[in-house]
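Take a look at the structure set out below.
The values are calculated or read from the model by the stated rules, or taken from the named source; none is laboratory data. Note that the structure is predicted; figures quoted are calculated from it, not measured. Counting neighbours? That spans all protein chains shown, and the Cβs are built from the backbone with ideal geometry, glycine included. These accessible areas exclude ligands, DNA and RNA; they are computed on the full protein's heavy atoms, side chains included. Shrake-Rupley method; radii C 1.70, N 1.55, O 1.52, S 1.80 Å.
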Amino acid sequence: METDAEVLVVGAGVAGMAAALDIVRQGVKVAIVEARDRVGGRVFSKPDAAANAPIELGAEFVHGRPPEILDLLRELKIEPVPTSGEDWCEENGQLKPCDLFSDIDQLLEQMDDMGPDEAFQDFLERSCPSTDEQTKYRAIRYIMGFHAADPALISVHSLVRGLRADEKIDGERAFRIPGGYAVLIDYFRKHLNAARVPICLNTVVQHVRWSSDRVSLQCHTDAGHRTYSASKVLVTLPLGVLQARAGDAGAVHFSPDLPPSKRSALNYLAMGKVMRITLRFRERFWENSRPSGSKTLADMRFLFSQQNWFPTWWTTMPLKAPLLIGWAPFDWAEKLAGADPTLVFSSASDTLRALFKMHQQDIEDLTEAAVFHDWQTDPFSYGAYSYVKAGGDSAQADLAAPVDRTLFFAGEATDLSGYHGTVHGAIASAHRAAQEILRSRNAK
């Protein structure tokens, strides 16, 4: 099926939509094909009238003040809201106020990228012999949780680049968008519709055939097989999909195959694993809990525990909604991937029962809803977000590099600025790829 589009975009996530908008604004016709029945990709917001707050199944926080997001919010006249409140930690079975990140930051500051790269676990064992075991444990949990990564694999060099990048945008601070990330998705959708950019949903790309001046996408749709052709294609598939093997649901075959540099890049990148669950309660039952003398948990922001399954929890502070969000990091997410929803819920409620020293029935009676999305078994993501393995200094650049002025790549795993794994990193990659496409087109 020939289209009048000069550029095809594979994926209607944040990167795909942002790049398509950049390109069409330069007068170039674009079409987007998307495997899901919705746009947004790993940004997946659900409104919840009962909680008077959006429930985010994917991205939730804005990390720092990235211009890629703040510029859009400024145009929409929306001010991001900083998270606020108190952080609590579980120590020896008791909950206490804590400053978890100050200890971890001191340890992370010892990393550098001047010598050979190594995995974080190796760095910890080699460079921090005098660090107390509690701090080491927390650092490991931080890497597994925040980065969704295997500490034995993740690159120290990439962590250092990320820390430097965060310093530029006040990245240690966390914000939320009033209305959730759906606000940005609606922005892109509205402007793409106004520019008459077709977004073909339920269109699963199975085969990409390309040459130096032409590309065709062989797709499966509800109406059967369909082929789209154009002179260029922008691939914004999540890393997990690019790494999927032949025969896996959602796998995409390239013909000719991708260059060896890209195959090598895919081997040096990994898709992080996370399971998050949002529980809505009849009331904020933790408000009256007094685990530390007279101090209550009414202003709790984060809760870091030593429990299994869902060791990290947070609230919607400063908005006092009856929601608790549980976060199962790398190791526990692996165990929960593909699990029955009742097991995921019971694992979360078991953790809360132990933390708040409540009866299981009390937790269940207070719970009104439990919502989660299994990104690990989702055939259009196969994981949460990317990280770099030790030795993969050039992997993101190699994955991002265009091929024969025909194949172009965007998405958070191709971000070159140190912001991979974030929404603003995905948008930054979209701006970069759109410019590459436009320059290639104008160079003819």
Next item on the list: Could you point to the label whose value was computed as mean projected area of the Cα convex hull in nm² for the structure here, given (i) 21.7; (ii) 29.6; (iii) 20.7?
Entry: (i)
Next item on the list: Please build a GNM for the chain, connecting alpha carbons under 10 Å apart, and tell me which residue among W88, W375, W286 fluctuates the most.
Entry: W286
Check: In the chain, what cysteines have no partner Cβ closer than 4.7 Å?
Finding: C128, C200, C219
Notebook entry, point to check: Using Cα pairs under 8 angstrom and six or more residues apart, how large is the relative contact order of the chain, in percent?
Noted result: 23 percent
Notebook entry, point to check: So for segment 381-425, Kirkwood radius off the Cα pairs, Stokes-Einstein at 25 °C and 0.890 mPa s: how many µm² s⁻¹?
Noted result: 219 µm²/s
Next item on the list: Taking 7 Å along the Cα-to-C-beta vector as the label spot, tell me the D132-S440 distance in nanometres, rounded to one decimal.
Entry: 5.4 nm
Check: Residue by residue through segment 428-440, which ³J(HN,Hα) values in whole Hz follow from phi under the Karplus form 6.51 cos²θ - 1.76 cosθ + 1.60 (θ = phi - 60°), with glycine and proline marked x?
Finding: 4, 5, 5, 4, 5, 5, 4, 5, 4, 5, 5, 5, 4
Next item on the list: Before anything else, pin down the relative contact order of segment 158-300: Cα pairs under 8 Å, at least 6 apart, normalised by residue count, whole percent.
Entry: 13 percent
Margin query: In whole Hz and in residue order, list the ³J(HN,Hα) couplings for segment 338-346 that follow from phi through the Karplus curve 6.51 cos²θ - 1.76 cosθ + 1.60, θ = phi - 60°; x for Gly and Pro.
Written below: x, 6, 4, x, 5, 5, 4, 5, 5
Item checked: Scaled radius of gyration (Cα, divided by 2.2 N^0.38 Å) that segment 70-140 gives -> 1.61
Notebook entry, point to check: Which percent of the accessible heavy-atom area of segment 1-132 goes to carbon and sulfur, probe 1.4 angstrom?
Noted result: 48 percent
Margin query: Using Cα-Cα distances under 8 Å and only pairs 6 or more residues apart, what relative contact order does segment 1-58 have, in percent?
Written below: 31 percent
Item checked: Where the chain is the region considered: accessible area per residue in Å², 1.4 Å probe -> 42 Å²
Note to self: From the Cα trace of segment 150-272, what convex hull volume per residue do you get, rounded to a whole Å³?
What the structure shows: 196 Å³
Next item on the list: Would you mind checking the tilt of helix 133-146 against the longest principal axis of the Cα atoms of the chain, expressed as 0 to 90 degrees and rounded to 10?
Entry: 40 degrees
Notebook entry, point to check: Going by accessible area, probe 1.4 Å, with all protein chains left in place, what is the ranking of Y137, Y142, largest first?
Noted result: Y137, Y142
Check: Tell me which lysines have Cα within less than 22 Å of K190's Cα, excluding those fewer than 8 residues away on the same chain?
Finding: K29, K46, K77
Checklist line | Helix-only [θ]222 nm of the chain, DSSP H runs n ≥ 4, -39500 (n - 2.57) each, per residue, nearest 500 | finding: -9500 deg cm²/dmol
Note to self: Going Cα to Cα from K136, which lysines come in below 25 Å? Please leave out same-chain ones fewer than 8 positions away.
What the structure shows: K96, K273, K335, K389
Item checked: Amide proton proximity set for S386, modelled H, under 5 Å, gap of 5+ -> G272, G421
Margin query: If I model a spin label as a point 7 Å beyond the Cα along the Cα-Cβ vector, how far apart are those points for A339 and D105 in nm?
Written below: 3.3 nm
